[in-house]
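Read through the structure below, which is laid out as structure tokens, and then see the notes.
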Amino acid sequence: MTTLWNNYRYLILRRATQIGLLLLYFGANAWGWTILMGNLSSSLFLNIVPLSDPYAALQMVAAGAILATDIIIGALIITMFYLLIGGRAFCSWVCPINLVTDAAAFLRRKLNIDSISKRQPASRNMRYWVLVLSLIISLMMGVTAFEFISPISMLHRGIIFGLGFGWAAMLIIFLFDLFVLKNGWCGYVCPLGGFYSLVGKFSLIRVHHTMENCTSCMKCKTVCPEQQVLYMIAKESVDVLSGECTNCARCIEVCDDEALGFSIRKLVKNKRTGE
Amino acid sequence: MENRAVSDRRKFILKMARSAGIAALGGFVWSAYVDEVTASQLLLRPPGAIKEEDFLKTCIKCGLCVEACPYNTLLLAKPGDNKPMGTPYFIPRDIPCYMCPDIPCVPICPSGALDEASVTTNGVLDIKVADMGLAVIDDESCIAFWGIQCDACYRACPLLGEAISVEYKKNDRTGKHAFLTPIVHSNICTGCGLCEKACVTEKAAIFVLPREVAMGKAGNYYIKGWDKGDEKRLENAKEIKTTTEISKDSAVDSLNSDSEDFK
């Protein structure tokens, strides 16, 4: 039991957070709860605090909309949280698509698809290009471009307000991740992930690697959805500083040698580099 | 060395061209889709909604208005609805807007897509000035125009006697009965759709359309000369010179000619 907890503690916590948030949102619409109303695009916490998706707000600016005060405050709260504390934690702790893509990645590992096709013929920088493209289209068409196609809001809205044909988009992402590209949606395409990669670069919570304990089993790299951030495994003892790390902590759980763990970024070092 | 440098450059150019190609293709499909879904004009928005063009860029699609509506009138467009995804709308034949005096759907909007000021009179929320659309009557299928007595829409209207009135007219077919036909007054009607919901015909003979779709525009050439307010529009009127050539023949000649002058 304790090993089960040790091996899956963050996964259980993450699923609890993801599903708990969904439940709060769902309850707000279905049973009139007032803890967390709205959806991930914009919400109202305890009837007072506005929370807004900063990427959606950015697209609104590009589209030429005048931002309301609530949206600005809400987007700032969310941005500050991920910028200072969470890093790219949105992707692995909040986003409902993570349930879909994690399922695909799990099945991919079980079916040993990676050993059949080892090469990933795509660049992880694609997401930043999609991010730029979304802003260009927003600017040119005068609408929030990604919000009209976003499978994230589609699924999240779908769970709260009714899914419609949204299940087809989920299936496409699942199959894409399973057969076409490993961690394809979250790791290559999603501009929201790209946005939070940029925002989360400087956050305090970091995964730390202790080389002395590492036995080079590479279990962490197998399970990591953003393998490139773990370049230091068995090489040096440093924090995982890439913004692309989602702080999902799967690497910490699968490590049997206590070579990985959460840590707070060393501010002293930060200051030195800042000077 | 020389050879390798060239091949690196060629690789780089190829890579750039490929990226540009993918971006163009993706951008094309993406914007075509966005264009397609935003082209749908027959949407009825919640009260206080700003102009559709601005609404599409301002609405953040959070659904707080939908949650605030006590009658479950408002819906969020789902994939497959062929409407701008995630934006709120309502179908009056299913559930109309019941025009709550406190308009709960508007103040909760965080983005300003539902504008409180547009449904406020003298600092107080006033649903009567809301403009969700305009009820239009098809007098072919409205049975009141057949001479059958029906005032379902008139009775259902929350602005009873103001937005819809009933006109009396002699029924010449029978010679002894009256037509009692409904008339919508566009300056009062809020487009709530209670009339559409109440209409007894199989497919509603009175239905709400967005105001831009339902109404024409007289333009600046035609002014109600007897109306001081309307005459003010003359101030914005611009002269447009016609390009049609005026016939040089005398007007009297045209009476004697056959149809030559009309060619």
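The values are calculated or read from the model by the stated rules, or taken from the named source; none is laboratory data. In this text, all values refer to a predicted model and were calculated from it rather than measured experimentally. Here the Cβ is made from the backbone with ideal geometry for all residues, glycine too, and neighbour counts use every protein chain on show.
Let's see how each residue does on (1) surrounded by 11 or more Cβ atoms within 10 Å (Cβ to Cβ); (2) modelled with pLDDT under 80; (3) at positive phi; (4) charged (D, E, K, R):
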site	(1), (2), (3), (4)
B:197	yes, no, no, yes
B:202	no, no, no, yes
B:205	yes, no, no, no
B:213	yes, no, no, no
B:216	no, no, no, no
B:225	no, no, no, no
B:229	no, no, no, no
B:248	no, yes, no, yes
B:251	no, yes, no, no
- request: Tell me, yes or no, whether region A:44-57 has at least one residue that is over 25 Å from residue B:113 (Cβ atoms) and either more than 9 Å from chain B (Cβ to nearest Cβ) or touching a Pro at 6+ places or on another chain (Cβ under 7 Å) (or both).
  value: no
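Table: residues versus (1) at positive phi; (2) more than 13 Å from every other protein chain (Cβ to nearest Cβ); (3) surrounded by 14 or more Cβ atoms within 10 Å (Cβ to Cβ); (4) touching a Lys or Arg at 6+ places or on another chain (Cβ under 7 Å).
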residue	(1), (2), (3), (4)
B:119	no, yes, yes, no
B:122	yes, yes, no, no
B:135	no, yes, yes, no
B:144	no, yes, yes, no
B:148	no, yes, no, no
B:152	no, yes, yes, no
Residue A:83 being away from chain B (no Cβ under 14 Å), in contact (Cβ under 8 Å) with a residue 24 or more places away in the chain and either assigned to a helix (DSSP H, G or I) or over 26 Å from residue B:59 (Cβ atoms) (or both): yes
field: Residues (touching a residue at least 60 places away in the same chain (Cβ under 8 Å) and among the small types (Gly, Ala, Ser)) located in region B:98-117
entry: B:112, B:113
field: Condition met for residue A:20 (surrounded by fewer than 18 Cβ atoms within 10 Å (Cβ to Cβ), among the small types (Gly, Ala, Ser), out of contact with any Ser or Thr (no Cβ under 9 Å at 6 or more places or on another chain) and within 13 Å of chain B (Cβ to nearest Cβ))
entry: no
- request: Go through region A:93-148 and give me each residue that's more than 20 Å from residue A:173 (Cβ to Cβ), more than 14 Å from chain B (Cβ to nearest Cβ) and of a type in the set (A, V, I, L, M).
  value: A:116
- prompt: Which number in (1) away from every other protein chain (no Cβ under 11 Å); (2) over 20 Å from the mean Cα position of the chain (by Cα); (3) surrounded by fewer than 17 Cβ atoms within 10 Å (Cβ to Cβ) marks the one condition that residue B:94 misses?
  reply: (2)
message: Criterion first (surrounded by fewer than 15 Cβ atoms within 10 Å (Cβ to Cβ) and more than 23 Å from residue B:116 (Cα to Cα)) does residue A:115 satisfy it?
response: yes
task: Hey, can you tell me all the residues within region B:64-75 that are among the aliphatic types (A, V, I, L, M) and more than 8 Å from every other protein chain (Cβ to nearest Cβ)?
output: B:68, B:74
message: Could you check region B:155-179 and list, in sequence order, the residues that are in contact with a strand residue (DSSP E or B) (Cβ under 8 Å, 6 or more places away or on another chain) and either among the charged types (D, E, K, R) or closer than 24 Å to residue B:136 by Cβ (or both)?
response: B:157, B:163, B:164, B:165, B:166, B:167, B:168, B:169, B:170, B:171, B:178, B:179
- prompt: With respect to residue B:70, is the statement that it is under 20 Å from residue A:25 (Cβ atoms) and at pLDDT below 85 true?
  reply: no
statement: Turns out the strands (runs of 3 or more DSSP E) fully within region B:118-231 with at least 3 residues that are outside the structural domain of residue B:103 (by TED's automatic domain parsing) and free of Cβ contacts under 8 Å to residues at least 40 places away in the same chain are B:164-171, B:177-184
field: Single residue of B:61, B:78, B:83 found to be assigned to a loop (DSSP other than H, G, I, E, B) and more than 10 Å from chain A (Cβ to nearest Cβ)
entry: B:83
field: Sole residue being β-branched (Val, Ile, Thr), in a helix (DSSP H, G or I) and without any contact (Cβ under 8 Å) to a residue 60 or more places away in the chain, chosen from A:137, A:159, A:152
entry: A:137
query: Checking residue A:244 against (1) within 28 Å of residue A:107 (Cβ to Cβ); (2) surrounded by fewer than 20 Cβ atoms within 10 Å (Cβ to Cβ); (3) at pLDDT 85 or above, which single condition isn't satisfied?
result: (2)
- request: Could you list, in sequence order, all residues of region B:17-60 that are buried (at least 23 other Cβ atoms within 10 Å of the Cβ) and touching an Asp or Glu at 6+ places or on another chain (Cβ under 6 Å)?
  value: B:48
query: Is it fair to say residue A:193 is under 30 Å from residue B:75 (Cα atoms), touching a Lys or Arg at 6+ places or on another chain (Cβ under 8 Å) and at pLDDT 85 or above?
result: yes
